[in-house]
Amino acid sequence: RLFVIIVVTFALISGTALAQSTLAERGPFGLGVMYGMAGPSIRYLGGINAKYFLDETHAFAGAVLRRLSSKNDWYIHADYLYHFRSLIPVERGELPVYVGVGGRVLTQESNEDKVGVRFPVGLAYEFAGAPVDVFLEVTPIWEVQFGGDFDLEGGVGVRFFF
């Protein structure tokens, strides 16, 4: 359901995009929804995410997600992000590539909680003339406990800025 909401929102807003959006036009704080996958035994997660731009290239982002098949598995992350705005030119809006570093906590019903260091890499399409972005990211994770294993996670989402 969440994926359908993201796609419909993307389609509706893309029709209204007219001019390139800047931080001053869209506002620095974005709040939205996110859907993702995490862990070696794939967990499907859904919840809220937020992003705060310090300027056009530097931002903090985070999310609070819940495992869709469990009420007691939670995924919380926070990242520092750097945006490369001119790598992929688009006719309308912007499509910055971003990279970052952050942390995440995964609490599980089985009491096997995990702490990890995140290295997100993503794309965020910022609509022209609308305070909205949609994003896709892939995130290598270094699990701090359990021998320092590496894992791969990912997510998609949409945010409204104000």
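Miscellaneous remarks
- Taking every DSSP bridge with both residues inside segment 40-87, close to 100 percent are antiparallel.
- With the simple model of a label 7 Å out from the Cα in the direction of the Cβ, Met37 to Glu112 spans 1.9 nm.
- Charge context of Ala50, other residues only, Cβ under 15 angstrom, K/R +1, D/E -1: +1
- Entry comment: accessible area of segment 62-157 is 49 Å² per residue, from protein heavy atoms only and a probe of 1.4 Å.
- Sites Val64 and Val90, calculated FRET efficiency, Cβ-Cβ separation with R0 30 Å, nearest 0.05: 0.50
- In angstrom, the C-alpha Rg and Dmax of segment 28-131 are 15.1, 49.
- Modelled this way, with points 7 Å down the Cα-to-C-beta line, the labels at Lys71 and Val99 are 4.3 nm from one another.
- Taking 0.36 nm per residue of separation and subtracting the Cα-Cα distance, full extension of the segment from Tyr44 to Phe119 would add 25.1 nm.
The values are calculated or read from the model by the stated rules, or taken from the named source; none is laboratory data. It should be emphasised that the depicted structure is a prediction, and the values quoted were computed from it without experimental measurement. Every residue, glycine as well, gets a Cβ built from its backbone with ideal geometry; the counts of neighbours run over all protein chains shown. Surface accessibility is based on the protein's heavy atoms, side chains included, excluding ligands, DNA and RNA. Shrake-Rupley method; radii C 1.70, N 1.55, O 1.52, S 1.80 Å.
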